[in-house]
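To keep things clear, I will list the structure first and then write my remarks on it.
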Amino acid sequence: MALQPCTCANERIGRPRILLVEDEPFVREATCSILQNAGFDVLPAEDARAAMKLYEECGHRVDLVMTDMVLPGRTGQQLGQDVRKRSPEIAVLVTSGYGEAAYETELPEASTYFLAKPYSRRTLVEKIQMILASSVKRRSATQAS
């Protein structure tokens, strides 16, 4: 099945956009397919450098960064920090097969979430929906202050 990655030009109004960063092609393609079928626009990237390029090209219009913890050249934590320099409110979902204990010591930042690999379709979509709902509430509270 060929992926149809979304581009900034064909953004669908009202659909949350996820920047998906995964260096394993099979995992990236499967996750992208799951997310697209769940109604998300997806910008797939194979590493942090490609992710930042997509992020800049799209004018920072991303609702969530979903990244593997271990990437070539840069970690998921470093990528999250890079994105937050430009968009402090953005949520980051880190995935890893190394377990949550490693995650908790590496990524203590607010608005950073963890999902252990392997994950089911249902678990992935529910986690993302929860994160996006939480992000909307947080932004609304901040804007009301």
Check your understanding: Residue by residue through the range 54-71, which ³J(HN,Hα) values in whole Hz follow from phi under the Karplus form 6.51 cos²θ - 1.76 cosθ + 1.60 (θ = phi - 60°), with glycine and proline marked x?
Key -> 4, 4, 5, 4, 8, x, 6, 7, 9, 8, 7, 9, 10, 9, 5, 5, 9, 10
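Taking the number of other C-beta atoms within 10 Å as the exposure measure, put 40, 26 in order starting with the fewest.
Working: 40 23, 26 8.
With the sparsest Cβ surroundings first, the list reads 26, 40.
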Practice item. Give the long-range amide H neighbours of residue 93: residues separated by 5 or more places, or on another chain, with amide H under 5 Å away, using H modelled in the peptide plane at 1.01 Å from N. Key: 65, 66, 67, 113
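Each reported figure results from applying straightforward, stated rules to the coordinates on display, with no laboratory input. Remember, it's a predicted structure, so these values are computed and weren't measured experimentally. Note: ideal-geometry Cβ built from the backbone for every residue, glycine included; neighbour counts use all protein chains shown.
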